[in-house]
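Accompanying notes for the structure given below.
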Amino acid sequence: MDDSLKTPFKPNARVCTGQIVVNHKWMGSELVQILKDYAQIVYEDGTSLGTVDFHLASGTAILYIHEGDVVSDLETCKRKCVKLRKSKCIRGLVLVERTPTTLQYIGDLQHFITLKLAMAVIAVSSQREAGHLLSQMTQQSEHKYNPFLVKDKPPNVDKQLLQTVQSIPSVGNIKARVLLEKFHSLKEICNATEKELGALVGAVKAKIIKDFFCAKRCK
């Protein structure tokens, strides 16, 4: 079997804070050159990582889908996403290149990833944008939880509405409550700008949320 279609061989591997595990095929790429300024790069070959291109200290495993892959073999792209989804012990995230060439295909792929596989997907325009996005995610994974920080009790919200918002990829119970406290309805969340969402949930999750609603519109 092609190594690129295997389930990750070491899904339980711990990535140390300040490091990012990178598939060896990315060595020397523009994306990795950006990451080097923010994290220590640890290379692994495809036999170990399988479908995974990047593994963060937060436990997130990332599959990167190139423009050429989207155009030439969309079904193989979907099979790789399925393999990543079956690795239940890791959190899967898909990055896919959205360019003028891929516009006619990307709606179908985003719909498949978000609604069929219930995974998060982020569209990026280039390796440079992806590099800065992963750098931000790497820095966020280094933040420590403060057990002495006492937060106010979250307000009561409609349970069914809360569950609906939680079905959006990357949005858990806490983030769903934060969004509903600000926007009050699913429609308002959908119509919110990426900047408005980012102020509440962070830039990375805001992009995932906007891409999710975009995929539903493109269905």
Pull up all non-local amide H partners of residue 51: gap of 5 or more, or a different chain, and H-to-H distance under 5 Å with H placed in the peptide plane. 6
Once phi is turned into ³J(HN,Hα) by the Karplus curve 6.51 cos²θ - 1.76 cosθ + 1.60 with θ = phi - 60°, what whole-Hz value does each residue of the range 23-29 show in order, with x for glycine and proline? 4, 4, 5, 8, 4, x, 6
Take the alpha-carbon positions of the range 168-219, form their convex hull, and give its projected area averaged over all directions (one quarter of the hull surface) in nm². 3.1 nm²
Cα-Cα over 20 Å, subset of 80/207; 187/210; 36/83: 80/207; 36/83
Would you grab the residues whose amide H sits under 5 Å from the one on residue 92? Only those 5+ places off in sequence or on another chain, please, with H modelled 1.01 Å from N. 61
Diffing the range 116-121: the Karplus 3J(HN,Hα) column from phi (6.51, -1.76, 1.60, θ = phi - 60°), in whole Hz with x for Gly and Pro, holds 7, 9, 6, 10, 7, 9
Roughly speaking, what is the stretch gain from residue 125 to residue 159, that is 0.36 nm per residue apart minus the C-alpha to C-alpha distance, in nm to one decimal? 8.6 nm
Give me the accessible area per residue for the range 40-103, probe 1.4 Å, as a whole number in Å². 42 Å²
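The values are calculated or read from the model by the stated rules, or taken from the named source; none is laboratory data. What you see is a predicted model, and the numbers here were worked out from it, not measured in a lab. For accessibility, only protein heavy atoms count, side chains too; no ligands or nucleic acids. Shrake-Rupley method; radii C 1.70, N 1.55, O 1.52, S 1.80 Å.
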